[in-house]
Amino acid sequence: MPGVDAVLLGPYDLSASLGQTGKLDHPAVVAAIDRVTTVCKAAKMPLGYFGVTAAAVKPFIERGYS
């Protein structure tokens with residue numbers, strides 16, 4: 001989308017939007033996160049992830065989130 005410089009994924013908001021509030025390991029939430037990751041990588045769009053601890057964010061940094 002023109003004008004978008006980056007995407008910040010908020011997993012708690014996303015899980016709530018999917019009716020699975022706080023269930024970050026729910027299959028629908030995991031699938032949505034994977035879809036956002038795939039689309040952003042394909043578009044070479046910088047992607048961030050909100051986490052409450054460094055440990056929560058580390059796996060996403062390893063997946064290429066910036």
Specify which of the listed residues (LEU18, LEU24) is open to solvent by 60 Å² or more (accessible area, probe 1.4 Å) and touching a helix residue (DSSP H, G or I) at 6+ places or on another chain (Cβ under 7 Å). LEU18
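Which of the residues that make up segment 11-26 are within 19 Å of GLU62 (Cβ to Cβ) and part of a loop (DSSP other than H, G, I, E, B)? Before the answer, list the steps.
The initial filter retains those residues of segment 11-26 that are within 19 Å of GLU62 (Cβ to Cβ), namely 11, 24-25.
Residues satisfying the conditions are LEU24, ASP25.
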Could you tell me which of the residues VAL29, VAL57, VAL36 is part of a helix (DSSP H, G or I) and either touching a Ser or Thr at 6+ places or on another chain (Cβ under 6 Å) or open to solvent by 100 Å² or more (accessible area, probe 1.4 Å) (or both)? VAL29
Quickly run through segment 41-51 and pick out the residues that are out of contact with any helix residue (DSSP H, G or I) (no Cβ under 7 Å at 6 or more places or on another chain), within 14 Å of ILE61 (Cα to Cα) and not small (Gly, Ala, Ser). LYS41, PRO46
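Quick one: count up the residues across segment 39-54 that are in a loop (DSSP other than H, G, I, E, B) and closer than 20 Å to MET1 by Cβ.
Residues meeting the conditions: 4.
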Log entry, pairs with first residue in segment 32-48 being of a type in the set (S, T, N, Q), second being assigned to a loop (DSSP other than H, G, I, E, B), beta carbons closer than 8 Å, six or more apart or on different chains, reads THR37/ARG63; THR37/GLY64; THR37/TYR65
Among the residues in segment 41-50, are any in contact with a Pro (Cβ under 9 Å, 6 or more places away or on another chain) and open to solvent by 70 Å² or more (accessible area, probe 1.4 Å)? yes
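The values are calculated or read from the model by the stated rules, or taken from the named source; none is laboratory data. Computed from a predicted structure; not experimentally measured. Virtual Cβ from ideal backbone geometry, glycine too; neighbours counted across all protein chains shown. Note: accessible area is taken over every heavy atom of the protein model, side chains too, but ligands, DNA and RNA are not part of it. Shrake-Rupley method; radii C 1.70, N 1.55, O 1.52, S 1.80 Å.
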